[in-house]
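The values are calculated or read from the model by the stated rules, or taken from the named source; none is laboratory data. Computed from a prediction, not measured in an experiment: that's the story for all the values here. Ideal geometry is used to build each Cβ from the backbone, glycine not excepted, and the neighbour counts take in all protein chains shown. Remember, those area values only see protein heavy atoms, side chains included, never the ligands or the DNA or RNA. Shrake-Rupley method; radii C 1.70, N 1.55, O 1.52, S 1.80 Å.
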Amino acid sequence: MADRNTMQKEIIHQTLCGMCDHPTAALVYDRVHQRHPTISRSTVYRVLARMAEEGKILRLDLAGSDIRYDGCTAPHAHARCRLCGAVADLPAIEVGAPADDGGFLLEDCAVIYRGVCPDCRRAGKVTG
């Protein structure tokens, strides 16, 4: 039988992967807590942070938003609604290294498109 810590990690990972809306740690905790009330908030936050460090999930640092997480680690881009903050997966695009790295040791590249989601468009919050 797996130890408690391993079971908690698996529960948290499965919960995140079942959420397609790129949730915050608080939202993952809320969902986990509904089914497993003995798992603490600090455990969920710690496990998500560790899984992101290990590359098992993605950590999305979006300007003007709490950190969000994505259970899909396959290459892909994201779109973020400028009105409601919704985040969606988009197909991967190939991004080459810049001609000048500005002296940075480049480690990663994330493509995030900004616009208006279908729900906000249907609600008439914007035209076009």
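Each Lys or Arg adds one and each Asp or Glu subtracts one; over the other residues with Cβ under 9 Å from the Cβ of Leu16, this totals 0.
Each peptide among 55-61, 108-114, 72-78, 21-27 gets the average number of other Cβ atoms lying within 10 Å of its residues, and from highest to lowest they stand as 21-27, 55-61, 72-78, 108-114.
Short-range pairs are left out: with C-alpha atoms under 8 Å and at least six residues apart, the relative contact order of the chain is 20 percent.
Placing pseudo-labels 7 Å out from each Cα toward the beta carbon at Ala63 and Arg121 gives an inter-label distance of 2.3 nm.
Return one whole number: the accessible area per residue of the chain in Å², for a 1.4 Å probe.
Values: 8800 Å² over 128 residues.
Accessible area per residue: 69 Å².
Between the helical axis of 41-53 and the longest alpha-carbon principal axis of the chain there is an angle of about 50 degrees. Could you work out what % of the accessible surface of region 1-52 is carbon and sulfur, using a 1.4 angstrom probe and leaving DNA, RNA and ligands out of the count? Of the solvent-accessible surface of region 1-52, carbon and sulfur hold 52 percent.
In the neighborhood of Lys125, defined by Cβ-to-Cβ distances under 13 Å, what is the net charge if each Lys or Arg adds +1 and each Asp or Glu adds -1?
Values: positive: Arg82, Arg121, Arg122; negative: Asp119.
In short, +2.
Which of rounded, prolate, oblate describes the chain, given a ≥ b ≥ c as roots of the alpha-carbon gyration tensor eigenvalues and a/c under 1.5 marking rounded, otherwise prolate only if a/b is larger than b/c? Oblate, since a/c reaches 1.5 and b/c is not below a/b. Using R0 = 22 Å, the C-beta based FRET efficiency linking Glu107 and Asn5 works out to 0.15.
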